[in-house]
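Participant: So that we are looking at the same thing, I have put the structure below in structure tokens.
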Amino acid sequence: MSTSPAPVPARRETIAGTGGVNLSCIVRNRDGDATPLLLVHGLASNARLWDGVADRLAASGHPVVAVDQRGHGRSEKPGDGYDFQTLTADLLALVDHYGWDRPLAAGQSWGANVVLELAALHPDAVSAVALIDGGTHDLADGFADWPTCEAALAPPPLDGMPAARVESHIRNSHPGWPEQGVEGTLANMEFLPDGTIRPWLSREDHMVILRHLWEHKPSTRFAEMSVPVLIIPARDESNQRWMQGKRDSVERAAKLLPRSVVHWIDGDHDLHAQHPDVVADLLDAATQPGFFS
């Protein structure tokens, strides 16, 4: 499955999440007979970052749904519901809508925290979860307090920036990425008629989610996890201090989790966009008998 397949026909569907909030999903191979996969993006991202992975999985027979989480992409943007209990309920609504029997749920960055919480709160809903460069450390451990975290991780003011400049920056910052990954990154923003951009996720909602993420403690979930966990962290040896902390958190998670497999990939934080072939192969393998033995 490592070769680049022809794009699989994909369609947008709108599904009601918690409280009737409309969630936009990209659906491929809905009637496939292999294990279904639910793909969940990170903070300020969108479902299209999964396009390359989703094409490969669908070509291998998996039904695949990538969701724009509430507040993101083409989904509805309510003023609340960004806590983990509501976010996991949104995912449950999708699983129920498609009539799936325990899919594998894969999440990247913040999305990894969401799918980990889904498995902790609703272990019968999924067969396994995959954490793509996220979900293995408590964000609060890296900051003295919330104001410090808030100042360090607040998003840059992108509203009103020229679209051409933003696109040029993204392309120059990701040399060697497949075009689907670049286009998926561009889809994090709304391109306006006046030639400027605006992130789909508002700054206000971004900061609300960041606060919930800062308060979330995935480390308290590891020992009680009853479903197997695939951990796919990004490796960047250019920052040894950062990498040591990441290695420590991944090692701690793997020791506490009853069943887990760790596979490091050299690359950027958005591994699913940068290396869709490798990520898709790992997700496909995680649905096969004996992978977590």
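Participant: Over all Cα pairs of the stretch 116-241, how is the pair count split among 10 Å bins, expressed in % and running from 0 up to the last occupied bin?
Facilitator: All Cα pairs considered, the percentages come to 10, 27, 35, 23, 4, 0.
Participant: What is the diffusion coefficient of the stretch 106-149 in µm²/s, taking the Kirkwood radius over Cα pairs and the Stokes-Einstein relation at 37 °C with a viscosity of 0.692 mPa s?
Facilitator: D = 292 µm²/s.
Participant: What list do you get for LYS246, LYS217 if you sort them by fewest beta carbons within 10 Å?
Facilitator: In increasing order of surrounding Cβ atoms, one gets LYS217, LYS246.
Participant: Which order results if TYR82, TYR98 are arranged by neighbouring Cβ count within 10 Å, fewest first?
Facilitator: In increasing order of surrounding Cβ atoms, one gets TYR98, TYR82.
Participant: Which value at 222 nm does the chain reach when only helices count, each DSSP H run of 4 or more adding -39,500 (n - 2.57), with the total divided by all residues and rounded to the nearest 500 deg cm²/dmol?
Facilitator: -11000 deg cm²/dmol
Participant: Cα-based Rg of the stretch 45-179 per 2.2 N^0.38 Å, rounded to two decimals?
Facilitator: Here the Cα radius of gyration is 1.20 times the empirical estimate.
Participant: In whole angstrom, note down how far apart the Cα centers of the stretch 123-178 and the stretch 4-52 are.
Facilitator: Cα centroid to Cα centroid, the span is 20 Å.
Participant: Using only alpha-carbon positions, what ratio does the radius of gyration of the stretch 2-70 give when scaled by 2.2 N^0.38 Å?
Facilitator: My calculation over the Cα atoms of the stretch 2-70 gives 1.10.
Participant: What order do you get for GLU204, GLU215, GLU117 when you list them from fewest to most C-beta neighbours inside 10 Å?
Facilitator: With the fewest neighbours first, GLU204, GLU215, GLU117 line up as GLU204, GLU215, GLU117.
Participant: Give the value in nm², to one decimal: projected area of the alpha carbon convex hull of the stretch 183-289, averaged over all directions.
Facilitator: Here the figure is 9.4 nm², rounded to one decimal.
Participant: Quickly work out the HIS263-to-ARG11 label distance, labels modelled 7 Å from Cα along the C-beta direction, and quote it in nm with one decimal.
Facilitator: 3.1
Each reported figure results from applying straightforward, stated rules to the coordinates on display, with no laboratory input. Here the structure is a predicted model, which means the values were calculated and not measured. Don't worry about glycine lacking a Cβ; one is built from the backbone with ideal geometry, like all the others, and counts go over all protein chains shown.
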